[in-house]
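Enquirer: Mind looking over this structure? Questions follow.
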Amino acid sequence: MVLKNLIRDVKDFPIEGIVFKDITTLLKDQNGFAATLENLYNISKNKGITKVVGIESRGFIFGGALAAKLNAGFIPIRKPGKLPAETESETYQLEYGTDEIQIHKDALAPGDKVLLHDDLLATGGTMEAAAKLVEKLGAEVVQISFVIELDFLKGRDLLKKYDIHSLIRYDSE
Ligand code: AMP
């Protein structure tokens, strides 16, 4: 099964000039969903992972399912103002301006071995900030996985010190 065939390109979303990689077409295909989950699981099994940390919001879909398969807990990283208890924050640079993500302070502890997961790696700014959040709480980033990687944006360069995996890669738009 070629998973790439299940990804839909949406031009000029959410703003002009962006080709949005829409995973909803993959999610609705029961074989595509199961194969994606199985492939992600095969990357991360037998690594001693205790927690899967998913990034809002598309990182929650496979992140949650993966946590159950890995017999690990699931932790959400969210946009500001969404998490109800005490949080730790990290700000990061966007093309124009900055953005911020948060995690519950008591979500992780030293000794936790973390798999960080999101749907897509673009410039890498979001995932770099997420890895910093995990480390601020004293946990170890064991692996980082994505469904999709946009190679031409060179997000990997920001994440060199980590073990990064992605299932579907694009070398141009
Ligand atoms: P970045 O911080 O640049 O690596 O951006 C990653 C985040 O933005 C992920 O959470 C993605 O869901 C989203 N994203 C960025 N570019 C795209 C794109 N072309 N298609 C779909 N999602 C994207």
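Enquirer: Out of segment 153-165, which residues are surrounded by fewer than 14 Cβ atoms within 10 Å (Cβ to Cβ) and touching a residue at least 24 places away in the same chain (Cβ under 8 Å)?
Expert: Keep residues of segment 153-165 that are surrounded by fewer than 14 Cβ atoms within 10 Å (Cβ to Cβ), which gives 154, 157, 160-161.
Hits for segment 153-165 are LYS154, ASP157.
Enquirer: Let me ask another. Report yes if GLY73 is within 21 Å of LEU6 (Cβ to Cβ) and more than 11 Å from the chain's Cα centre (by Cα), otherwise no. Working first, answer last.
Expert: Working: within 21 Å of LEU6 (Cβ to Cβ): no; more than 11 Å from the chain's Cα centre (by Cα): yes.
It is false that GLY73 is within 21 Å of LEU6 (Cβ to Cβ) and more than 11 Å from the chain's Cα centre (by Cα).
Enquirer: Follow-up question, since we're still on this one. Assess whether GLU128 counts as being assigned to a helix (DSSP H, G or I), acidic (Asp, Glu) and away from the ligand (no atom under 11 Å from the Cβ). Write out each step before concluding.
Expert: Details: assigned to a helix (DSSP H, G or I): yes; acidic (Asp, Glu): yes; away from the ligand (no atom under 11 Å from the Cβ): no.
Here the answer is no, as GLU128 does not meet what is asked.
Yes/no matrix, rows are residues, columns are (1) over 26 Å from PHE20 (Cα atoms); (2) crowded, with 21+ Cβ neighbours inside 10 Å; (3) touching a Gly at 6+ places or on another chain (Cβ under 8 Å):
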position	(1), (2), (3)
LEU66	no, yes, no
LEU83	yes, no, no
GLU86	yes, no, no
TYR96	no, no, no
ASP151	no, no, no
LEU167	no, no, no
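Enquirer: Filtering segment 105-118 down to residues that are surrounded by fewer than 18 Cβ atoms within 10 Å (Cβ to Cβ) and in contact with a strand residue (DSSP E or B) (Cβ under 7 Å, 6 or more places away or on another chain), which residue is farthest from LEU66 (Cα to Cα)?
Expert: Within segment 105-118, the subset surrounded by fewer than 18 Cβ atoms within 10 Å (Cβ to Cβ) is 105-106, 109-111, 113.
Narrowing the set further to residues that are in contact with a strand residue (DSSP E or B) (Cβ under 7 Å, 6 or more places away or on another chain) leaves 105, 113.
On the way: LYS105: 22, LYS113: 14 Å.
Checking each candidate, the answer is LYS105.
Enquirer: Next up: Examine segment 88-97 for a residue that is touching a strand residue (DSSP E or B) at 6+ places or on another chain (Cβ under 6 Å), of a type in the set (Val, Ile, Thr) and within 26 Å of LEU37 (Cα to Cα), and state whether such a residue exists.
Expert: No, segment 88-97 contains no residue that is touching a strand residue (DSSP E or B) at 6+ places or on another chain (Cβ under 6 Å), of a type in the set (Val, Ile, Thr) and within 26 Å of LEU37 (Cα to Cα).
Enquirer: Could you say which residue among PHE20, PHE13, PHE74, PHE33 is touching a residue at least 12 places away in the same chain (Cβ under 8 Å) and aromatic (Phe, Trp, Tyr)? I'd like the intermediate steps shown before the answer.
Expert: Details: PHE20 fails: touching a residue at least 12 places away in the same chain (Cβ under 8 Å); PHE13 fails: touching a residue at least 12 places away in the same chain (Cβ under 8 Å); PHE33 fails: touching a residue at least 12 places away in the same chain (Cβ under 8 Å).
After ruling out the rest, the residue left standing is PHE74.
The numbers here are math on the coordinates, done by the rules we state, and not lab data. These numbers were taken from a predicted model, which means no experiment stands behind them. Positions of Cβ are backbone-derived with ideal geometry, glycine not excepted, and every protein chain shown enters the neighbour counts.
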